[in-house]
Amino acid sequence: MVKKTTLLYTGKAKQVFATEDPDVLWMAYTNQATALNGEKKAQIDHKGELNRAISTLLFKELSAAGIPTHYIDSPDATTMIVKKATMLPLEVVVRNYASGHFVTKFNVKPMMKLDPPIHEYYYKSDELGDPFMNEAQIFALHEATPEQLREVRSLTDRINAYLTKRFNEVGITLVDFKLEYGTLKDGTLVLADELSPDNFRLVDQQTGASLDKDVFRQNRGPLTPVYQEVLNRLQEKGAAHV
Ligand code: 5GP
């Protein structure tokens, strides 16, 4: 197994370490939860483990479905070993139903179906508050090439189709989510970052309850049982059903 060496980066919910292999990174999922661009912070028991477990399950399934990802292995409860990638400084947000900032911005009814689904891009910068970017702005600032963005769009559509169906199978609506991509040494574009209820809005189809970080953002109760419920449902009904 690879060994971690120096700490490279401390993010809001993960720490990233170098390893003895220059092409491999060590990601430690932490228990920290943040909201409002880091203004609201808390330590939540078991959050790191739950997000690592949900991410692992979904990265494995997406890889098996032919999506190139950075995932290599999950050697313990909070660790994920990944391929080193140069990240595109973009947050790719997909919206299947109106929620969050989309509702505020356009004053539409929450959970209005958005057909076709919307892709939005945000420039990853805590300092600037992750501003919205259109494609022309991305190209003018050389953050991605037109070819890379074409690939991002196509992979994002495939990921959305897979995840929408996967969550639907376990009684959950995938409302919206955020993805991040990077390129490997050989130029291959891969899905990176994490795939967890920190980045997804999920709604229980029976009760209408939120099964994601909105519970923390809006002080609606403890987060751990909510994330555990998402993991349990995904584990109970495997990918073979999709
Ligand atoms: P909204 O733009 O409505 O706040 O978020 C849309 C979706 O993208 C939500 O599922 C939200 O969790 C995710 N998202 C947007 N920005 C961020 C971010 O900076 N960090 C995380 N973890 N998720 C984000």
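Here His70, His119 are placed in order of increasing Cβ neighbour count within 10 Å, fewest first, which gives His119, His70. Charges were assigned to the Cβ only: +1 to each Lys and Arg, -1 to each Asp and Glu. The resulting dipole of the chain about its Cα centre is roughly 440 debye. In this rough spin-label picture, where each label sits 7 Å from Cα along the Cβ direction, the Leu7-Asp157 distance is 4.3 nm.
Any of Lys40/Lys105; Lys105/Lys213; Lys4/Lys237 with alpha carbons more than 25 Å apart? Name them for me. Could you put the intermediate results ahead of the total?
Working: Lys40/Lys105 22 Å; Lys105/Lys213 20 Å; Lys4/Lys237 34 Å.
Too far apart for the 25 Å limit: Lys4/Lys237.
What the phi angles of the range 91-100 give under the Karplus curve with 6.51, -1.76 and 1.60, with θ = phi - 60°, is a coupling list of 9, 9, 9, 10, 10, 9, 9, 5, 6, x Hz, glycine and proline written as x.
For the chain, the mean residue ellipticity at 222 nm estimated from helices alone is -9000 deg cm²/dmol, where every DSSP H run of n ≥ 4 contributes -39500 (n - 2.57) and the total is divided by all residues, rounded to the nearest 500. Counted by neighbouring Cβ atoms within 10 Å, the residues Glu236, Glu169 run from fewest to most as Glu236, Glu169.
Here's how it looks for Tyr181: its modeled amide H is under 5 Å from those of Leu88, Leu90, Ala192, which are all 5 or more places away or on a different chain. Per-residue 3J(HN,Hα) values for the range 216-224, derived from phi via the Karplus relation 6.51 cos²θ - 1.76 cosθ + 1.60 with θ = phi - 60°, read 7, 4, 10, 6, 9, x, x, 8, 3 Hz in sequence order (x marks Gly and Pro). One Cα centroid belongs to the range 139-208, the other to the range 2-78; the line between them spans 16 Å.
Taking amide H positions as modeled 1.01 Å from N, with prolines and chain starts lacking one, the residues under 5 Å from Thr69 and 5 or more places away or on another chain are Leu191. Working note: Karplus 6.51/-1.76/1.60 with θ = phi - 60° gives the range 21-30 the couplings 9, x, 9, 10, 10, 10, 10, 9, 7, 9 Hz, where Gly and Pro are set to x. Remark: spin-label model distance Lys113-Gln206 equals 2.3 nm, labels positioned 7 Å along the Cα→Cβ axis.
Ranked for footprinting exposure by Cβ neighbours inside 10 Å, fewest first, Tyr181, Tyr121, Tyr162 give Tyr162, Tyr121, Tyr181. With a cut-off of 9 Å between beta carbons, the residues surrounding Asp130 carry a summed charge of -1, where Lys and Arg count +1 and Asp and Glu -1. Projecting label points 7 angstrom from Cα along Cα→Cβ for Asp21 and Lys41 puts them 3.3 nm apart.
Read-outs throughout are calculated quantities, based only on the coordinates presented, and are distinct from any laboratory measurement. Just so it is clear, the structure is predicted and the values come from calculations on it, not from any experiment. Counting neighbours? That spans all protein chains shown, and the Cβs are built from the backbone with ideal geometry, glycine included.
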